[in-house]
Every structure is written in structure tokens, then in C-alpha cells.
1. What order, most packed first, do the peptides 327-333, 10-16 have when packing is the mean number of other Cβ atoms within 10 Å of each residue?
2. I need the calculated FRET efficiency for the pair residue 57 and residue 323, taking r as the beta carbon distance and R₀ as 25 Å, to the nearest 0.05.
3. Name the long-range amide H neighbours of residue 332: under 5 Å, sequence gap of 5 or more, or other chain; modelled H, no Pro or chain starts.
4. What shape does region 221-262 take by its C-alpha gyration tensor, where a ≥ b ≥ c are the square roots of the eigenvalues and a/c under 1.5 counts as rounded, a/b above b/c as prolate, and the rest as oblate?
5. For the chain, set up a Gaussian network in which alpha carbons nearer than 10 Å are linked by springs, and say which option among 185, 114, 201 fluctuates the most.
6. Amide H to amide H, which residues 5 or more places from residue 74 or on other chains are under 5 Å from it, using H placed in the peptide plane?
7. Does anyone have the angle between helix 41-63 and the longest principal axis of the chain? Alpha-carbon axes, 0 to 90°, nearest 10?
8. With no solvent and one equal point scatterer placed on each C-alpha of region 216-337, evaluate the Debye formula and give log10 I(q)/I(0) for q = 0.12, 0.17, 0.20, 0.23 Å⁻¹, two decimals.
Amino acid sequence: MLGIESSCDETGVGIVRGTELLAHVVASSVDEHVRFGGVVPEVASRAHLEAMVPALEQAYADSGVRIQDVDAVAVTCGPGLTGALLVGVAAAKALALAHDKPLYGLNHLAAHVAVDQLEHGRIEGRVAALLVSGGHSEILLVDDITCDITLLGQTIDDAAGEAFDKVARLLGLPYPGGPHIDRIAADGDPTAIAFPRALTAARDQARHRWDFSFSGLKSAVSRHVQREALAGRELPVADVAASFQDAVCDVLTRKAVEACLEHDVSTLVIGGGVAANSRLRHYAEQRAAEAGIEIRVPRMGLCTDNGAMVAALGAEVVRRGHRPSSLDLPADSGLPV
Ligand code: KG4
Ligand code: ZN
């Protein structure tokens, strides 16, 4: 199964055989977005156009698999940036049509969960998933990764990675800021500043039990930075980074583990770029162990956007006998799970 991913700023091509990874090529345009402090959709689309054919050729070379040999072509058709998605969808259609292969348009979020099969073997039975990246923050209940996923909760404003990136900017750190905050926070005190934990109060339980909100937290950090500057005090950057990071990771892991307990799930899959965060991993491991829940986190290169995750889901979709997509498959920026 050949998988193509282009929903944001990574052009990914992967080739798998069942749950075996044969090729995993990712070309990122992140460097081109640095000076804008975030992903610029038009820049991302153009970068996909340039990177797609070289990435495909690299994947064939790495695996020794020729396009003639693949059984099917899978592609992310949403959610994501429309222009970026269109490049991958057009490439996948061209390959499917030219080489007479079935085409499978797949959901990016489901692929983030399915990729763990390449690392830890088949996902059996019901699991929960916490997906946290620059573009998404969701808790999913997964009964079947190919066709039965329930969105339990999501961010109502900024994504978790986006919050890391915006706060990093406030602290004068480069984009993408998550890894920088993680590094600096290691020298700070996570209890130094009591930043807000949004949507965790009793009054939020009815409507936003499993949802997240990070924009108020970002504003709280901003106000704190301004207050310190006005008072003429030097900002304790490590303490701010550690306290902010703690607030994000505390809420993410608390809700994810509570969702597992509430829905009688004993396995939690974690994916997305923020899964690299050391505090998130610490809390996830600690809380999952206390609750008797197994956590599955694929290795970093598979957590962030890539084509292998699409191929992994594609292989599962074929295995379960689902029908292919038609060649007029649209890119759908708001595709639901
Ligand atoms: O999954 P990803 O590569 O791309 C998408 O956004 O889809 O995730 C990138 C996000 C960025 O916001 C980045 O700041 C964040 O993941 N990130 C981290 C860490 N490493 C990457 N956030 C917190 N701690 C990290 N160590
Ligand atoms: Zn993603």
C-alpha cells in the first residue's frame, strides 16, 4: 500500500505491507514558514508540488517497491488545508489512473491512530486516542479505525501545538516553539505560576467534558509577560515555560485518561507532534499506570505527519474489505472522523 500525506506542511510518502513499514519519506516545508511564525497555506501548497515527485521516487528507491507492484494508493483527503490536500489527492489520482490501481481517500485523524500498528502491532478492540499537534487536539473513541470513530472532544479554539508555538513567540523563541519550550522548561519550576486550566470546572462538565481550550491560557501567559515587563522585572523564562507546559499537559492527559475510564477503554494511543513533549509523556505514563491503562505512543517520526500513517490505514481499510473511492474524490478541509 502506497500512502500519500499533504494536509499541512509535510509532504509524506510511505509504503507498507500490512503492518510492516517498507518506506517512510517526509519532506517538510517548516523552514519556509519560520519567518511567518506559522504555516502559510499557499507556501505549503507550492512546497508540496515541488516535493511530491522526489518523495515518491525516494520511497520507491528506499523500499525497492515499484509503483507497478503496489496493490493500491491511499491518500489523506481531509481534514487539513484545502490547497495542500489537493496536491496529494491529485498525485494519488494520477498514480491510480495511470497504473490502474484502486484509490482510497482517507481521514488524517484516523491515520494518526492507525500508524501505531506499524510500531506496536494490530489495534484490537476499542481504544481511545489523544491527538495533539499544531493543527489538532482531539480525544477519539475508536471502535474500528476504518469506519467507527467517535469524536469525544476537541479544542474549541487553539490546538495544543499552536498554543506552544504562540507562547514560544511571546517568549522570543523560534517557530515551531514546542521543542524549545520543552527544553527550556526542564530548568523551570512547573508550579511557579498558576496558569488557568480551561474547561475543567464543574460547570463545564455538561457541554465541554472532553473539550479543550488553550487561547485563554495563551492570553494569561501574555498578561504575565506584560506585567513583569511593566514592573521592570526580568522574566523567569524557564518558570513561565514550565508552568505553561504543565497547564497544557495536565489538562490533556487528565481528560484523556478520564475518557478511557468513563468509556471502559484500557488502551490509549497518543499521536501528533506534541506527543514528543516530555511533560506530556510523564503525565501520560504516570496517570495511565495509576488507572491501569496501557499507552501506545508511536516513535516520533511516525507521530508527526507522514505518508506511512496513511498507508497503514489504507492497508487496514483493504483488509476489512471496504470499497475504494472514486476518481472524483474531493479534498475536504473539514472532513469529520
Ligand atoms: O504533528 P506535527 O508535526 O504537525 C502538525 O501540526 O500537524 O506537530 C507540530 C506541532 C508544533 O506545534 C510543535 O510546536 C509541536 O508539534 N511540538 C511540540 C514538541 N515537539 C513538537 N510541542 C511540545 N513539546 C514538544 N517537544
Ligand atoms: Zn496531523
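1. Going by the mean number of other Cβ atoms within 10 Å, highest first, we get 10-16, 327-333.
2. Details: r = 30 Å, r/R0 = 1.19.
Efficiency for this residue pair is about 0.25.
3. Answer set, sorted by chain and number: 78.
4. Values: a/c = 7.52, a/b = 3.60, b/c = 2.09.
Because a/c hits 1.5 or more and a/b exceeds b/c, region 221-262 counts as prolate.
5. Result for the chain, Cα springs under 10 Å: 201 fluctuates most.
6. Long-range HN contacts for residue 74: 2, 3, 4, 104.
7. On a 0 to 90 degree scale, this one is about 60.
8. So the normalised log intensities are -0.69, -1.03, -1.16, -1.27.
Since every read-out is calculated from the coordinates, none of them should be taken as a lab result. Here the structure is a predicted model, which means the values were calculated and not measured. All Cβ positions, glycine included, derive from the backbone under ideal geometry; neighbour counts span all protein chains shown.
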